[in-house]
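Notes for the one structure printed next.
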Amino acid sequence: MSINSALLAGVSGLVANSSALAAISDNIANVNTTAYKRNQVDFSTMVTSQAVKGEYSAGGVQGVTKSFVSQQGLIQSASSTTDLAINGDGFFVVSTKGAGLTAADPREFTRAGAFEPDANGYLVNDAGLYLQGWPVKPDGTFDADPSDLSKLQPINVKNLGAAVQQTSNVGVSANLDQTTAVGAGAATYDATSTTKSMASFAATGTGTAPDAQPVELSVIDSVGGTHKFAIAFEKTSTPNEWNAEIYAVPATDVTTTPNGQVAAGKVMFNSDGTINLSTSTLFGAAGAAPTFTPAWAAGLGIASQTVTVNLSQLTQLASTSTVNSVTSDGASAGNIVGVQVSPDGVVSALFDNSQVRKIAQVAIATFPNSDGLAPTSGNAYTGALAAGQMTLKSPGAGGAGKVSPSSLEASTVDLSSEFTGLITTQKAYSASSKIITTADTMLDELINIIR
């Protein structure tokens, strides 16, 4: 009967517009929710077969919920270095717990990147979801797998201990006075003697005194200890030639003789005052690699290391002998003072000794149809058949978005559109209720015929 179908059509209108009102309400309530994606209820007709010619049976309407998960929100600046946004396609991989995570624990996906370290140092967002990433390997790379979620681990930025960088490279910029007179000791100088070497003079006061103030080098060992070495020079009677030694101060730090000496030989200069590294023999044969390996005393209990010395900025000019600068890449023990994240998702810890240590790389999960993901609480999503197969990518690779550090993605809700939709939904709901009251009146008239 047409009146009954009209009544049911009105009911379907009430149900569909109620769903639309619920979606609009969610959107408005989440206008300030980080990376919230708006929802919308679209309407589609329901058509019934017309059994009697000349009569029309109303089918009504049904609401179909559509999620705009793939819509990019505005990237806004944030104050914390661990606030992250994705500029482009993809989602952060997150879990509901940090410590003790196993392969069986579920993973979720979100773009809500307001992460902060919790009491245990794990990066967790406002919804209590822990950020996942590929841990750094000993060689500084990451084992990025496009499909294996079990290789991801919660990112911890606190429980890393102290950072030490043992010295591997030292650079010296200095000048030796070309007008220096050849001293009396040059004739009897012997680098291998405990009484005629510059190392012996430094250790005991008995030996050959250098002709310029020794250049002091600081070397950091494998446990963060600092050791002093010196480079001493003595001019010879041969033009553009100096005796040179490198020795430990104090000599007891190493086991080499005489008196802590670790390198000895000649330093040669060109006629324009620049050093001639190809003919210098300080590190062994002419042209040998400019390195020395301290034979640390056994009582120190530290690992061996090789130090490369760059003397390319050593000159012999007719001006006062002076040390311009000494550079070193070593750093003693330091504690974490901050965290930084690069656009390619590499999370690094900053230490107060100027060291930067990689921790992990944030993984970005992409889906062929991200609008098909199933929403969960906490502004997150889980995989669904409609979304397609998940793929894990490094940020910025293979179409995945880059990570924007110190940034957050804003909600995609437009209040003006939502309030406009609220008005039209209210009117449509009222109109559907009017259909029901009208159909009810007509049924009353039909019933009254038999009275």
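The values are calculated or read from the model by the stated rules, or taken from the named source; none is laboratory data. Owing to the predicted nature of the structure, the values given are computational and were not obtained by experimental measurement. Ideal geometry is used to build each Cβ from the backbone, glycine not excepted, and the neighbour counts take in all protein chains shown. Side chains included, ligands, DNA and RNA excluded: accessible areas come from the protein's heavy atoms. Shrake-Rupley method; radii C 1.70, N 1.55, O 1.52, S 1.80 Å.
Rounded to the nearest 0.05, the FRET efficiency derived from the C-beta distance between residue 195 and residue 272 at R0 = 45 Å is 0.80. Amide H to amide H, with H built 1.01 Å from N, residue 353 comes under 5 Å of 335, counting only residues 5 or more places away or on other chains.
Given a cut-off of under 8 Å on Cα pairs at least six residues apart, what relative contact order in percent is computed for the chain? Answer for the chain is 23 percent. Per residue, the Cα convex hull of the chain amounts to 211 Å³. Volume of the convex hull of the stretch 333-451 (Cα atoms only), normalised per residue: 190 Å³.
The alpha-carbon atoms of the stretch 1-129, seen along their principal axes, cover 73, 36, 23 angstrom, with the largest extent given first. Relative to the longest principal axis of the Cα atoms of the chain, helix 2-29 runs at roughly 20 degrees. Calculate log10 I(q)/I(0) of the stretch 255-313 for q = 0.17 Å⁻¹, where I(q) comes from the Debye formula with a single equal point scatterer on each Cα and nothing for solvent. Rounded to two decimals, the profile gives -0.64. For the chain, the longest principal axis of the Cα atoms and the long axis of helix 415-448 meet at an angle of about 20 degrees.
Rolling a 1.4 Å probe across all protein chains gives residue 442 an accessible area of roughly 100 Å².
Close amide-amide hydrogen proximity is noted between residue 317 and 176, 178, each under 5 Å apart and 5 or more residues distant or on a separate chain (H modeled in the peptide plane; Pro and chain starts excluded). Backbone amide hydrogens, once placed in the peptide plane, bring residue 360 within less than 5 Å of 136, 347, excluding anything fewer than 5 places away on its chain.
Of the trypsin sites (Lys or Arg not before Pro) in the stretch 1-65, the ones in a loop by DSSP (not H, G, I, E or B) with at most 15 other beta carbons within 10 Å are 53. Taking all Cα pairs closer than 8 Å and separated by 6 or more residues, the relative contact order of the stretch 356-410 comes to 35 percent. Report the Stokes-Einstein translational diffusion coefficient (µm² s⁻¹, integer) for the stretch 156-256, Rh taken as the Kirkwood radius over Cα pairs, at 37 °C with viscosity 0.692 mPa s. For these conditions, the coefficient is 212 µm²/s. Extending 7 Å from the Cα toward the beta-carbon at both residue 182 and residue 377 defines two label points whose distance is 9.0 nm.
Under the convention that each Lys and Arg Cβ holds +1 and each Asp and Glu Cβ holds -1, the size of the dipole of the chain around its Cα centre is about 620 debye. The modelled label-to-label distance for the pair residue 97/residue 71, using points 7 Å beyond Cα in the direction of Cβ, is 3.7 nm. With the convex hull drawn over the C-alpha atoms of the stretch 94-229, the volume per residue is 217 Å³. To put it simply, the accessible area of the chain at a 1.4 Å probe is 54 percent carbon and sulfur. Each residue of the stretch 344-354 was assigned a 3J(HN,Hα) from its phi angle through the Karplus curve 6.51 cos²θ - 1.76 cosθ + 1.60 (θ = phi - 60°); the sequence is 8, x, 7, 8, 10, 9, 9, 10, 6, 9, 6 Hz, with glycine and proline shown as x. Pairs 66/393; 228/266; 37/137; 137/158: which exceed 24 Å Cα-Cα? Cα-Cα > 24 Å for 66/393; 37/137; rest within.
Residues 31, 337, 182, 41 ordered from highest to lowest accessible area at a 1.4 Å probe: 337, 182, 31, 41.
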